[in-house]
Amino acid sequence: MSVDAVSPAEATAYGTRPPASPPQAAASAAAASFAALESRLDYLNAAEIDLVRQAYRFADQAHLGQMRKNGDPYITHPIAVAQICTEWKLDAQALCAALLHDVLEDCGVTKAELTQRFGPAVADLVDGLTKLDKLEFDSREQGQAESFRKMLLAMARDVRVILIKLGDRLHNMRTMGDMPRHKWGRIARETLDIYAPIAHRLGLNNFYRELQDLAFRHLHPWRYQALSKALARSRARRRDLIARVQGEVEAAFAHSGLEVRIAGREKTLYSIYRKMDTKHLSFAQVTDIYGFRIIVPQVLDCYTALGVLHQLYKPMPGKFRDYIAIPKVNGYQSLHTTLIGPFGTPIEFQLRTPSMDVVAESGIAAHWLYKAGGAADASAQALNVQWLQSLLDIQQETKDSGEFWDHVRIDLFPDSVYVFTPKSKIMALPRGATVVDFAYAIHSDVGHRAIGATVNGEQVPLRTELHNGDVVEITTSQHARPNPAWLGFVKTGRARSKIRHYLKTLEQEESRALGERLLQQSVRAEGMASLPGDDEAGQAIWDKLLRFTGNRSRDELLIDIGLGRRIAGMVGKKLAALMVEAGVRPDVLLISQERFGTPREDQPSQGVVTLDGSEGGSVTYASCCRPIPGDRIVGYLGRGEGLAVHTEDCPVVRRLLHCDRERFLEVEWAEEPTRAFESTVTVTVNNGKGVLARVAAAIAAAEADITHIHMGDEAAQTTTELRFTVAVRDRVHLAQVLRQLRRTPSVVRAQRLRPARRGDAGN
């Protein structure tokens, strides 16, 4: 619904607005008539105009009796939105959707009814514009995020959705003065945070500028008025300077014989305010308020015109940008140069062709403008296709609406750096993007398998920030996978969603395998040799079990068991009972073997979980006691956290045994672990030059890796305690490290750090 819609009863209740005068009533009636829109439809044929007229009549009838807060009939708002859409020469379907955009939300009309009257395309457009107010959400923010998710996905399928929505928001912002004052801040902030960035991302520069200024006007009224007056005074003072510069530029181009069109350009109030705020400047210190736009017939003429300007005025070093050779990510193309004009005043010039000018002002809507004019331009039609497609990619991997919106918001600002692949392909990334962002921009598989990179021929870490002109090459490995730490520095929504999706899928796969293993162990303890199969009888048992647990699928149940959300023993007892009901007889010998016997060497027990370090996210090794192969260990199945492995003598284990004994599992080390494990070692040393180097060399000589060093914050004393986290193979390897340390000069004591007591050397 429009932000200022009001029912007839509410209109009467306000009672503060005087009755409309005859001229006002006549103007209101004219704005509510189809004639107000029909005069703008000269680019449509008669059949299309008739379809738009039918949509007007349907919307007028649906909104009958509804009023806006200024007292006008509500139909004036859909007409105004449709008028805005005609500026882009949108087709009849989009204009119908603009007229009907509130009927699903406010008037009780169904999508099926719209489909029957106006076709599925119009109905889909209207549905994409309709908020999800009729559903219940836990919070207003969640409902808003889900509505934006719906709108953005509809936009990815049909960009006309967002064009109509922006027209709707623009008209609401133009009439914000009729709204209660307490709503101004929320609506203006939403416009600045969401709708203006979307307009910018799609290259709709005129909309972007107007939305920003209207939002600024209602968010900070006093600042807006003060800046507006300062700009008016500045405009009056600089009128002679601007006229002189324009005259000299026109004369220079006339002398060169180059046909040009010159237009003035002035910064918006909001962009002036933002520059003053971020750079801590006074109004007088903002020097690029005024500029000129030079329109030339051909691309080559842009560079010729640049030469003419540089002969006329001296260019400022570092202030030239070629957005023709490398367009901005929203399709914008121009040459930018800042010159020192008369009296030392900096003046910015933008040089572009007529088609570039249309794209610069209308962005993705230029597609319809070109089509209407019969001069199709491939680059205009391809605007933002990559970003719109990325919305669908992120949607497939992100089910949470708030998370989806966070990903999208990251990509809304097209302030970019431009980097190159080794084959000289240009890639545009957000400012601050890293090597990992670049890898995922190439392909998700490249990102998943990245282990290193070279930038301009030099080896760099994956978190390295990229800069304009960098040549980046990614090194991959088939055995690599994303690191959760990457989420702390990636900048693009695509990279963030791909990493999260991979880690979540991996965790679920590992948790499912662990859950199946634990459930198998539980049913064996009840005398059942195996879990029910996938045949008809087995599926019936699984269906009954799922009704008992409330899970939607077998995989979901197994994942819940693997993550500790359900106790395997309880589920196993119920599953065994269901199998008995289905006629499966328990094996008494198996029961006694599993519960009371010891397994033969050639048949390992199903009741023990074997660990080799390759388990992934479903199994964690507790940082409180840092177990390593050779330690006596126990497993604790936390609620939603998977299996945590502790040493038997860990104080945390002793505490949990009192309150959560049923969540402990028997675990054991595999014969040959697949990786090294971390352990903490404390080393007391006599202070002196080179002590740290000698200690590190001793650890390296024992073939252990140092993953972390902590030296404490206290001032240096005669002796200092150093704490190393080292990666070792097992207890035997750790004992070798400790012996090597104790032989090192200046080392007073070396021991393994334990949570219970520090005197155990661990060997």
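Considering only the range 268-279, I want to know if a residue exists there that is more than 20 Å from ARG209 (Cβ to Cβ) and aliphatic (A, V, I, L, M). The answer is no; no qualifying residue exists. All conditions in (1) surrounded by fewer than 18 Cβ atoms within 10 Å (Cβ to Cβ); (2) more than 29 Å from ALA199 (Cα to Cα) hold for ASN70, with the sole exception of (2). Evaluated against (1) more than 30 Å from LYS328 (Cβ to Cβ); (2) touching a residue at least 12 places away in the same chain (Cβ under 8 Å); (3) surrounded by fewer than 22 Cβ atoms within 10 Å (Cβ to Cβ), VAL471 falls short on exactly one condition, (1). Within the range 406-430, which residues are assigned to a loop (DSSP other than H, G, I, E, B) and at pLDDT 80 or above? If the condition is that a residue be assigned to a loop (DSSP other than H, G, I, E, B) and at pLDDT 80 or above, then THR421, PRO422, LYS423, LYS425 are the ones that fit.
How many of the residues in the range 565-607 are at pLDDT 70 or above and under 52 Å from the mean Cα position of the chain (by Cα)? Matching residues across the range 565-607 total 19. Of the residues LEU665, LEU657, the single one that is at pLDDT below 85, assigned by TED's automatic domain parsing to the domain that holds ILE567 and farther than 15 Å from GLY564 by Cβ is LEU657. Once the range 661-703 is narrowed to residues that are in contact with a Gly (Cβ under 9 Å, 6 or more places away or on another chain) and part of a loop (DSSP other than H, G, I, E, B), the residue that is surrounded by the most Cβ atoms within 10 Å (Cβ to Cβ) is ALA676.
Would it be correct to say that VAL296 is touching a Cys at 6+ places or on another chain (Cβ under 8 Å), surrounded by 18 or more Cβ atoms within 10 Å (Cβ to Cβ) and either more than 20 Å from THR353 (Cα to Cα) or at pLDDT 85 or above (or both)? Answer is yes for this residue.
For the structure I just gave you, tell me whether ALA215 is in the same structural domain as TRP184 (by TED's automatic domain parsing), of a type outside the set (Val, Ile, Thr), in contact (Cβ under 8 Å) with a residue 12 or more places away in the chain and part of a helix (DSSP H, G or I). Taking the combined requirement at face value, the residue satisfies it. The criterion of at least 3 residues that are small (Gly, Ala, Ser) is met by the following strands (runs of 3 or more DSSP E) wholly inside the range 435-481: 450-455.
If you go through the range 728-748 and pick out every residue that is in contact with a helix residue (DSSP H, G or I) (Cβ under 8 Å, 6 or more places away or on another chain) and either modelled with pLDDT of 90 or more or surrounded by 15 or more Cβ atoms within 10 Å (Cβ to Cβ) (or both), you end up with 8. Out of the residues in the range 554-584 that are in a helix (DSSP H, G or I) and β-branched (Val, Ile, Thr), state the one that is surrounded by the fewest Cβ atoms within 10 Å (Cβ to Cβ). This residue is VAL580. Residues of the range 676-692 being closer than 17 Å to VAL737 by Cα and modelled with pLDDT under 85, which ones? Within the range 676-692, no residue meets the criteria.
Out of everything in the range 710-727 that is at pLDDT below 90 and β-branched (Val, Ile, Thr), what residue ends up being farthest from ARG749 (Cα to Cα)? This residue is THR718.
The values are calculated or read from the model by the stated rules, or taken from the named source; none is laboratory data. Keep in mind it's a predicted model, so treat the numbers as computed, not measured. All Cβ positions, even for glycine, are placed from backbone atoms using ideal geometry, and neighbour counts span all protein chains on display.
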